[in-house]
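Have a look at the structure below, then the notes.
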Amino acid sequence: MTDGKYITAAGVSAGLDMAFTLAGRIAGDAVAQAVQLAHEYDPQPPYRAGSPERAPREVLAAVRSRKDFILTRGRPGATDELLDKATGPGLRIAGTHPDPVAP
């Protein structure tokens with residue numbers, strides 16, 4: 001995610017994508033592409049389910065129905081606790097939906 005001078009990423013592939021983006025901004029596209037080629041980074045995920053827009057409906061529904069369990073290790077309702085811990089009581093990160101798996 002890019003927001004002005006800030007760039008963030010979560011996960012290994014996203015971190016690599018971020019690194020190539022930064023290399024392109026700093027040294028130019030040709031350098032970033034050369035770095036990508038040198039690392040032979042050519043992701044080809046086995047499924048096209050990496051976003052709510054592309055995931056099959058039944059998979060998306062299953063993930064959404066289990067979001068509290070997934071995020072809180074079985075402690076239903078703890079999602080708000082996690083958000084409060086990350087952002088402060090009652091605050092939410094700008095531009096995010098309170099449901100981290102929501103569209």
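The fewest-to-most ranking of L37, L22, L16 by surrounding Cβ atoms within 10 Å reads L37, L22, L16. Counting neighbouring beta carbons within 10 Å and listing from fewest to most, the residues T2, T21 come out as T2, T21.
For the stretch 25-69, GluC sites (Glu not before Pro) are listed when DSSP marks them as loop and at most 10 other Cβ atoms sit within 10 Å of their Cβ; the list is E40, E53.
Just so you know, all these numbers are worked out from the coordinates, no wet-lab data involved. Note that the structure is predicted; figures quoted are calculated from it, not measured. Ideal geometry is used to build each Cβ from the backbone, glycine not excepted, and the neighbour counts take in all protein chains shown.
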